[in-house]
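See below for the structure under consideration.
Taken together, the values in this text are just the output of simple stated rules run on the coordinates, not laboratory data. Note that this is a predicted model, so its numbers are computed, not measured. Here the Cβ positions follow ideal geometry from the backbone for every residue, glycine too, while neighbour counts run over all protein chains shown.
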Amino acid sequence: MADTAIVFWSGTGNTKAMAEGIASGLRTAGAEADVFEVPDVMATDIAGHAKIAFGCPSMGSEVLEEAEFEPFFAEVEGSLAGKKVALFGSYGWGDGEWMRDWVARAKAAGATLFDDGFIVQEAPDEAACLDHGSRFAAF
């Protein structure tokens, strides 16, 4: 099992591209990463990882995707205390409120956050994703 898990949900492919870029950045920095797509993952699949990067785009009125990702995150939220966590996602409108809310929620769960969330509008920049992964590897 890798030290880092990347767990994401993607509707248009932008957040998936971010997850893949972050994983590449981690690997380039010498870290190993297990990549899981919701709904193909269970909470027990990530329980042993010291670091977790969660990815979800902004949906509707700036909320996490409600049918699959939100229930998964709610299930693992209580086990995040002391874990190193990164949050990322894409958006098409708004000002990033969903990420600010998500960061506050993860902090309240006791997670040690890497940063204040990595968001991109529409399609991600590959270099930025690689950099994010590389820096998360060193965190």
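Mind running the shape call on region 1-58? Use the C-alpha gyration tensor, a ≥ b ≥ c as the square roots of the eigenvalues: rounded below 1.5 for a/c, prolate if a/b tops b/c, oblate otherwise. Let's see the in-between values first.
Details: a/c = 2.46, a/b = 1.17, b/c = 2.10.
Here region 1-58 falls in the oblate category.
Estimate the FRET efficiency between E75 and D116 by the formula 1/(1 + (r/R0)^6), using the beta-carbon distance for r and 35 Å for R0, to the nearest 0.05.
The value I calculate is 0.90.
Could you sort out which of K16/K107; K51/K107; K16/K84 sit more than 18 Å apart by Cα distance in this structure? Please report the intermediate quantities before stating the final value.
On the way: K16/K107 24 Å; K51/K107 14 Å; K16/K84 21 Å.
Check vs 18 Å cut-off fails for K16/K107; K16/K84.
How large is ³J(HN,Hα), in whole Hz, for each residue of region 59-75 in order, when computed from phi with the Karplus curve 6.51 cos²θ - 1.76 cosθ + 1.60 and θ = phi - 60°, using x for Gly and Pro?
After applying 6.51 cos²θ - 1.76 cosθ + 1.60, I find 10, x, 8, 6, 9, 5, 4, 8, 7, 10, 6, 4, x, 5, 4, 4, 5 Hz.
Given the -39500 (n - 2.57) contribution per DSSP H run of 4+ residues, what per-residue ellipticity at 222 nm results for the chain, rounded to the nearest 500 deg cm²/dmol?
-11500 deg cm²/dmol
Along Cα→Cβ, 7 Å out, is where each label goes; now give me the distance between the ones at W93 and A123 in nm to one decimal.
Result: 2.2 nm between the two label points.
For region 118-133, just list the computed ³J(HN,Hα) in residue order, Karplus coefficients 6.51, -1.76 and 1.60, θ = phi - 60°, integers in Hz, with x standing in for Gly and Pro.
10, 10, 9, 8, 6, 6, x, 8, 4, 4, 5, 5, 4, 4, 4, x
For A53, enumerate residues with amide H under 5 Å from its amide H, sequence gap 5+ or separate chain, H modeled in the peptide plane.
A5, I6, V7, A86
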